[in-house]
Amino acid sequence: MIKKILPLHCFIAGVVVLFFCPALLAQTVSITGPFSSGELIEHAKSHDKQEVVFKGEVVGEVMPRGNFFWVNINDGANAIGIWAEKKLASDIKYAGDYKTTGDVIEVVGVFNRACPEHGGDLDIHARAIKIIKAGNEREHKINKDKIKLTITLSIILCLTLILQVYKLLLRKKLAK
Amino acid sequence: MILKPHAENFKIIGFYLGKILVGLAIFECIPLILAVCLKEFNPALDFFIGTLITLILGFSLQALFFSKKFMNWTEGLSIASISWLAAMFLSAVPLYLSGHWASYLDACFETMSGLATTGLTLSQDLDHLSFSHNLWRHLIMFIGGQGIVIIALSFFAKGFSGAFKMYVGEARDEKIMPNVIDTSRFIWLVSMVYFFLGTLSLGASGILNGMKPFTSFFHGACVFMAAFDTGGFTPQSQNILYYHSFSYELITIVIMLLGAVNFKLHYAVWTGKRKEMFKNIETVTLFFAVLTTLLITAYGLKLTNTYPGAVMLFRKGFYQLISGHTGTGYSTIYARQFINEWGNLALVGVIFAMALGGATCSTTGAIKMLRIGVIFKALFQDIKKIMLPEKAIVVQKFHHIKEIFLDDKLARVSLMITLLYLLLYLFGALIGMCFGYPFLDSLFESTSAAANVGLSCGITQVGMPAALKLTYIFQMWIGRLEFISVFTLFGIIVSAIKGKR
């Protein structure tokens, strides 16, 4: 029956392809991770050109460059540069700094130990970016202990200045 | 017999130290104003507290140790060395209060690294640090690069008698102008002109690279201060890698090289003597030193095939090398990449570059080009002496702003300082090895600290032993001041304990 539909050599080739397919797929499009920045930097050679998953907070600024952009994401230990198409950045609203907690994003992309396109930078060329946790404005409550310390020190400084003026006058008196 | 110092000696030291601290407090007002403008209220309080403590100490010292006497060499050199320690402790107050440093020791490490223009950092979560604290980190680098005493001299020109002795204490034994006050002001003039040009270039590059105008100029100013003063701090945790920009790297290379040049050479070029650039022993030695270390590093990188391609080799190999050679410590790679990817030969090339340094009377640390040049000239002189007839008189000259005859004293001083630096590099490496770090890693980090460079191979981190942090602080301090003033301070302490009336 099969012989009628397919010639024998095609059938054998099909079986071979089906048999090795999972192994081939694992080698070409395997996505490994998520990895920490420490792991990626420490074992950069073994992850080179591999598709990896990396999670972290967007820090600094999203820097557009033509149809692409650079964004640096920090996983708490190190920040790594992500190079991606502009359309992938549209969901990123917050970048972390003193007043802001940046969006936490998950990046799927190709890791480069020394990217030939970017002068040897260790970076990830993103294929997909997903917002894991939206960022927000950080609240910094004024520390009351610091205010108390400031007042105390201001009083001490005034006393020190009075002492200095007094000593100056005394020296002038003695000089006369 | 060692003579015990008199109370008057300590009074003079205390009085002038007080004046320098008031100068430091004035500088601390700059980040305070920025914090208020940007509504960073907690950081503003940190700077208010820091300024108040510095002012209280400064005024108290002046009131308690009032003196009108002319300072001698011992006092001048001691003031220079002690003022750096005092500045380290006091500049660390606002940083520690920010909560971004795990301990006061870490904050002190950061400020000594800043003042000594090293650039090693122990900050935590730097990407969330306030603008004002970041400005302070870079400003202390600028203060240290120019010299704490130079700042005080610029502010209080009339109040300092014997200013030259303190000026020498900061490893600046060459006067550009006949008067040391004018020299200080010229150094400021040069720095400010380059500051505006550098900030403008970096700011424009930042905007072209997609940064917002305010942050690009803020980063531009900070990066300029750290590059010109061959420091190495940046506002973000990734150092120069954050910008992912070739133009940014090129501009910082130019600024780093300008910072590594002798202020006397700047003066010569500014006054139209452009040929001096090609004749000066320091620039000639720097050219050959960069060439030699570049060949070693590039060959090492080729062996490991770390950066195939000329652009990569330039942006990674040459950039780290020039950053190390000028004593800046700017980096476009991660610290651990040095150890994991560069290979031993390339690492040795960078260690050599860091150990040699830039020009004298510049903002760099390390052995410096004038000394290397003089040592080689002395070597050639000795070889000539051996080869020529006994009665022949061999005269060796070199060009450093003017023609100078090489004498034995100059050669001896150069060799002595070089030897002391080599011992300092080895000392730090030994301490690192005592804590279990491999030899090459320890030597790399130790040389970086002692030569005030700031490149790291990963040893410098919050979790490293406190004793190693103290070792690096000591190396940064003594390395920046070039030994003599620190030895003088030790001498005065020893004579106070063991001396006789």
Exercise for the section: Would you mind checking B:Lys69/B:Lys377; A:Lys146/B:Lys19; A:Lys148/B:Lys212; B:Lys377/B:Lys469; B:Lys4/B:Lys397; A:Lys99/A:Lys148 for any pair whose Cα atoms are more than 32 angstrom apart? Expected result: B:Lys69/B:Lys377; A:Lys148/B:Lys212; B:Lys377/B:Lys469; B:Lys4/B:Lys397
Problem - Förster radius 41 Å - calculated FRET efficiency between B:Asn305 and B:Lys402, Cβ distance, rounded to 0.05 - result: 0.30
Problem - Two-decimal Rg/Rh across segment B:396-501, once Rg and the Kirkwood Rh are taken from alpha-carbon atoms - result: 1.10
Exercise for the section: Within 10 Å of each Cβ in peptide A:114-126, how many partner chain Cβ atoms are there on average? Round it to a whole number, please. Expected result: 5
Fill in the blank from the handout: Taking a crude spin-label model, label points 7 Å out from Cα along the C-beta direction, the B:Ala392 to B:Asn344 distance in nm is 4.2 nm
Handout entry: 10 Å Cβ neighbours from other chains, averaged over peptide B:240-250
Key = 4
Handout entry: Mean separation of Cα contacts under 8 Å, 6 or more apart, over the residue count of segment A:74-176: relative contact order %
Key = 25 percent
Practice task
Please state the charge dipole magnitude for segment A:60-176, taken about the Cα centre, from unit charges on C-beta atoms (+1 on K and R, -1 on D and E), reported in debye and rounded to the nearest 20.
Solution key: 1420 debye
Handout entry: 24 Å Cα-Cα reach of B:Lys302 towards lysines, excluding residues that sit fewer than 8 places from it in its own chain
Key = A:Lys45, A:Lys49, B:Lys316
Completion exercise
Computed about the Cα centre, the charge dipole of chain B from +1 Lys/Arg and -1 Asp/Glu charges at the Cβ has a magnitude in debye, to the nearest 20, of 1420 debye
Practice task
Summarise the partner chain shielding of B:115-128 as one whole number: the mean count of Cβ atoms from other chains within 10 Å of each residue's Cβ.
Solution key: 2
Handout entry: Full-extension gain in nm, B:Val284 to B:Ile383, via 0.36 nm per residue minus C-alpha separation
Key = 33.6 nm
Exercise for the section: Could you check the simple spin-label distance between B:Phe376 and B:Lys275, using points 7 Å along Cα→Cβ, in nm with one decimal? Expected result: 2.2 nm
Practice task
Compute, for B:Cys434, the solvent-accessible surface of its heavy atoms (probe 1.4 Å) with the complete set of protein chains present, and express it in square angstrom to the nearest 10.
Solution key: 110 Å²
Completion exercise
Computed over segment B:222-378, the relative contact order (Cα-Cα under 8 Å, seq sep at least six) in percent reads 30 percent
Practice task
For chain B, build the charge dipole from Cβ charges (+1 Lys, Arg; -1 Asp, Glu) around the Cα centre, then report which of B:Asn452, B:Val462, B:Ser81 sits farthest towards its positive end.
Solution key: B:Ser81
Completion exercise
Length-normalised contact order of chain B, Cα under 8 Å, at least 6 apart, in percent, tallies to 18 percent
Practice task
Please say if segment B:40-110 is rounded, prolate or oblate, where rounded means a/c under 1.5 for a ≥ b ≥ c the square roots of the C-alpha gyration tensor eigenvalues, and otherwise the choice is prolate for a/b larger than b/c and oblate otherwise?
Solution key: oblate
Exercise for the section: State the Cα centre-to-centre distance between segment A:110-176 and segment A:38-68 in whole Å. Expected result: 29 Å
Handout entry: Additional length obtainable on full extension of the chain from B:Ser247 to B:Lys4, 0.36 nm per residue less Cα span
Key = 81.7 nm
Exercise for the section: May I ask you to list the chymotrypsin sites (Phe, Trp or Tyr not before Pro) in segment B:355-426 that are in a DSSP loop and have at most 10 other Cβ atoms within 10 Å of their Cβ? Expected result: none
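Rg/Rh for segment B:238-341: what does it come to with C-alpha atoms and Rh from Kirkwood?
Dividing the radius of gyration by the Kirkwood radius yields 1.02.
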Problem - For segment A:32-176, the fraction of alpha-carbon pairs in successive 10 Å shells from zero, as % - result: 11, 31, 19, 8, 9, 9, 8, 4, 0
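Looking at segment B:245-304, which trypsin sites (Lys or Arg not before Pro) are DSSP coil and have at most 12 other C-beta atoms within 10 Å of their C-beta? Don't jump to the answer; show the numbers that get you there.
Values: sites: B:Lys264, B:Lys273, B:Arg274, B:Lys275, B:Lys279, B:Lys302; in loops: B:Lys273, B:Arg274, B:Lys275.
Filter output for segment B:245-304: B:Arg274, B:Lys275.
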Fill in the blank from the handout: Sparse-neighbourhood loop hits (GluC sites (Glu not before Pro), segment A:69-176; DSSP loop; Cβ within 10 Å at most 13 others) -> A:Glu117, A:Glu139
Handout entry: Inter-probe distance in nm under a simple model that places probes 7 Å from Cα toward Cβ, at A:Ile142 and A:Leu169
Key = 3.5 nm
Practice task
Multiply the residue separation of A:Ala77 and A:Ile131 by 0.36 nm, subtract the distance between their alpha-carbon atoms, and state the gained length in nm to one decimal.
Solution key: 17.5 nm
Handout entry: Three-way shape label, the protein assembly as shown, alpha-carbon gyration tensor, a/c 1.5
Key = oblate
Fill in the blank from the handout: Rounded to the nearest Å, the spacing of the alpha-carbon centers of segment B:458-474 and segment B:342-359 is 21 Å
Problem - Prolate/oblate/rounded call for chain B, Cα gyration tensor, a/c under 1.5 rounded - result: rounded
Exercise for the section: State the percentage of accessible surface on the protein assembly as shown attributable to carbon and sulfur atoms; use a 1.4 Å probe and exclude ligands, DNA and RNA. Expected result: 69 percent
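The values are calculated or read from the model by the stated rules, or taken from the named source; none is laboratory data. Bear in mind the structure is a predicted one, so any value in this text is a computation, not a measurement. Positions of Cβ are generated from backbone atoms using ideal geometry, with glycine treated the same way; all protein chains shown enter the neighbour counts. Ligands, DNA and RNA are stripped out before the accessible areas are found, and what is left, the full protein with its side chains, is counted by its heavy atoms. Shrake-Rupley method; radii C 1.70, N 1.55, O 1.52, S 1.80 Å.
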